[in-house]
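Reading through the structure tokens given below for one structure.
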Amino acid sequence: MDVAADVFSYAYQYFDNIGFLILSASGLIIIFGMMGVINMAHGELMMIGAYITAFSYHAGVPAPLAIIFAGIGAGLAGMVLERLVIRHFYKQLLSSLVVTWGLSLMISQGFLLIFGPTILNVPTPFGNFPVAEQTFGIYRLVLFGGALAIVAGVWAVFTFTKFGTHARATMEDPDMADALGVNTRNIYVLTFGIGAAMGGVAGGMFALTATISPFFGINYTPLAFITVVVGGGANVITGLLSSVMALASVQTAVNNLVNVYVGYIAMMGAAFFILLLLPRGISEYLERRKIRTERKVSRSAPA
Amino acid sequence: MLLDVSGLTSGYGKVRIVNDVSLSVEEQEIVAVIGRNGVGKTTLMKTLVGLIRGLAGTVEFRSQDVTRMRAAERAQLGIGYVPQGRGIFARLSVVDNLRMGEQIGGRGKAPDYDRVHEYFPILKERQAQKAGSLSGGEQQQLAIGRVLVGHPELVLLDEPSEGIQPNIVQSIGEIIKRLRTEVGLTFVIVEQNLDLINAVADRCLVIDKGSIIARLDPAELADPEIARKYLAI
Ligand SMILES: Nc1ncnc2c1ncn2[C@@H]1O[C@H](COP(=O)(O)OP(=O)(O)O)[C@@H](O)[C@H]1O
Ligand SMILES: [Mg+2]
């Protein structure tokens, strides 16, 4: 028994799980936080990203560029969906679930009709590296790094740009943002487009590791959904990170103690337990606590 | 005439709340709108701002017909709105709340933070804090400061004194008057606080059941009979 290798393997799995959850859920949680809509067709936007990546790659486009094409294509597809369908269902969680679920079926069946049950896969790049007796895929680490880069990029856009301030304000009170001169319709289309593009990029990155089929999205939608609900929509970044870290710790620990299937079940159990305590998600709780603390501080300081 | 409203009617769905309201406001006037709770004052303000579509009538701002315009377009023309309950973005920092006012009166113009901090120094001290952590009086200053960052010509205030300590109400009254003379702003103020009305308003419009039923000089409200009749105080 090589303890160092086991520790490494454990950490590797943890980061792998975190990367997987972040990539699956980050676009979805932005749309949820912003519009109160859970887009059940998010997995299909990821699938579109995977198809674009595969077709581009086999047409000779280098993989990184193919993944960027996936983001652009899925982003545009998302903006069309938003304009045609989703804008009618803002802040209506249940109707939006049903409608977007219907959309997801239509998109995957449409792809099945047009492209058939499978297309040519894309090989996983970079190969493996050994630690003690075990080998680990390098690309999994790239996925993790990509996930962090996406989160950091989104955080920067929503924190430092004018668009970001307008988007956060619109998310909190669309009428007030409107009355202050913000074109909220544009904010919604753009935000939805960004969420969809993130799905497309994630789909493109996963395309290098998975079988690409019209039902590609099914691999990601359920876990993404749970991650988003546990994180809550009050703060997209803290919601995503806290939820992902909590769920991935449980999954990784139980994976190692028992096996993968029990790991999944344990993760669902953890999600259930967190939602029992914090029905509106972790970030809602954190945000409220932050405001309460700041209020106390500003009361005790002489103004 | 800065604001010209004629025959304005609006409501929620098919329920009419505001009924055939006509009024005009000249530049640098301060006009108070008074009336009991639930008579439609807030609905009137929202219709003027463009958050509720009018069912009939017209709204002209600087002789331009804005009746069909969205709220955002009206804001960009120079209508600043400080809603009842203040409408601050609790989760945004104070400075991000202020940034939200930059579009008022034209997107191309440079925002004026110095002016805001001069009138409301507390907003500079608290700029990094979340707006939800401010006291009621500070939030009201933030809501007014937010429209001042841009370049409004007309400011609509809905019950600025609601839930605020008397000394802050007084200082808000003074700031309103200074803004009229120093910046040249025009105000329409929905208000129940007679002291504030007396301190700032040039004239009063009394609303009942969505219509203007009387036009008063603020001094007339000093008569308790009249005040009781129109405000049920
Ligand atoms: N969003 C709404 N939907 C339906 N009815 C409303 C809504 N807001 C206010 N009302 C009704 O419109 C009437 C006028 O309300 P409001 O304009 O807020 O009065 P005021 O500001 O004078 O107290 C009230 O009877 C109120 O119940
Ligand atoms: Mg009101």
Worksheet item: Which cross-chain or sequence-distant (5 or more) residues have an amide H under 5 Å from the amide H of residue B:92, H modelled 1.01 Å from N in plane?
Response: B:131, B:132
Worksheet item: Cα-based Rg (one decimal) and Dmax (whole number) for chain B, in Å?
Response: 16.9, 50
Worksheet item: Alpha carbon centre of the range B:197-233 versus the range A:168-214: separation in Å?
Response: 49 Å
Worksheet item: How big, in percent, is the set of alpha carbon pairs in the range A:147-303 lying more than 22 Å apart?
Response: 56 percent
Practice prompt. Assuming 1.567 mPa s and 4 °C, estimate D for the range A:212-284 with Stokes-Einstein, Rh taken as the Kirkwood radius over Cα pairs, in µm²/s.
Written response: 103 µm²/s
Worksheet, complete the sentence: If each part is reduced to its alpha-carbon centroid, the range B:34-61 and the range A:248-290 end up apart, in Å, by 48 Å
Discussion item. Can you work out the Karplus-derived ³J(HN,Hα) for every residue in the range A:253-266? Use 6.51 cos²θ - 1.76 cosθ + 1.60 with θ = phi - 60°, whole Hz, and x for glycine or proline.
Written reply: 4, 5, 3, 6, 6, 10, 7, 4, 5, 5, x, 4, 4, 5
Item to complete: Run the quick spin-label model on residue B:170 and residue A:292: label points 7 Å from Cα toward the beta carbon, then report their separation in nm to one decimal.
Response: 3.6 nm
Worksheet, complete the sentence: Rg from C-alpha atoms of the range A:2-297, normalised by the globular rule of thumb 2.2 N^0.38 Å, equals 1.01
Fill in: Length-normalised contact order for chain B - Cα pairs under 8 Å, 6+ apart - percent
27 percent
Discussion item. Before we go on, tell me the buried accessible area for the B/A pair, both chains summed, 1.4 Å probe, in Å² to the nearest 100.
Written reply: 2700 Å²
Fill in: For the range B:71-83, 3J(HN,Hα) per residue [Karplus equation, 6.51 cos²θ - 1.76 cosθ + 1.60, θ = phi - 60°, Hz, x = Gly/Pro]
4, 4, 5, 5, 4, 5, 7, x, 9, x, 10, 10, x
Fill in: Phi-based couplings in Hz for the range B:98-112 (Karplus 6.51, -1.76, 1.60; Gly and Pro marked x)
4, 4, 5, x, 4, 7, 5, x, x, 6, x, 6, 6, x, 10
Discussion item. What does the net charge come to around residue B:210 if you take all other residues with beta carbon closer than 15 Å to its beta carbon, with K and R at +1 and D and E at -1?
Written reply: +4
Worksheet item: Counting only Cα, what are the radius of gyration and maximum Cα-Cα distance Dmax of the protein assembly as shown, in Å?
Response: 27.8, 94
Item to complete: Please report, in cubic angstrom per residue, the volume enclosed by the convex hull of the alpha-carbon atoms of the range B:27-149.
Response: 131 Å³
Worksheet item: Near the amide H of residue B:22, under 5 Å away, which other amide H atoms are found, from residues 5 or more places off or on another chain, if H is placed in the peptide plane?
Response: B:7, B:8, B:212
Fill in: Antiparallel bridges, percent of DSSP beta bridges restricted to the protein assembly as shown (to nearest 5)
60 percent
Fill in: GNM flexibility winner over chain B from B:64, B:192, B:84 (Cα, springs under 10 Å)
B:64
Worksheet entry | DSSP-defined beta bridges in chain B - what % are antiparallel, rounded to 5 | 55 percent
Worksheet item: Do you know the Lys pair count in chain B for C-alpha distances under 28 Å, with sequence separation 8 or more or different chains?
Response: 17
Item to complete: Principal axes first, then extents: for the Cα atoms of the range B:1-93, list largest minus smallest coordinate on each axis, whole Å, largest first.
Response: 40, 29, 25
Response to the item:
Restricting to Cα pairs under 8 Å and 6 or more apart, the percent relative contact order of the range A:2-297 works out to 32 percent
Worksheet item: Check residue B:155: other-chain or 5+ apart residues with amide H under 5 Å from its amide H, H built from backbone geometry?
Response: B:80, B:186, B:187, B:188
Fill in: Overall dimensions of the range A:139-234 as given by Cα atoms, namely Rg and Dmax in Å
15.9, 48
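The values are calculated or read from the model by the stated rules, or taken from the named source; none is laboratory data. Remember, predicted model here, so these are calculated numbers, not experimental data. Glycine gets a Cβ as well: all are built from the backbone with ideal geometry, and neighbour counts include every protein chain shown. The area values use the complete protein model at the heavy-atom level, side chains included, leaving out ligands, DNA and RNA. Shrake-Rupley method; radii C 1.70, N 1.55, O 1.52, S 1.80 Å.
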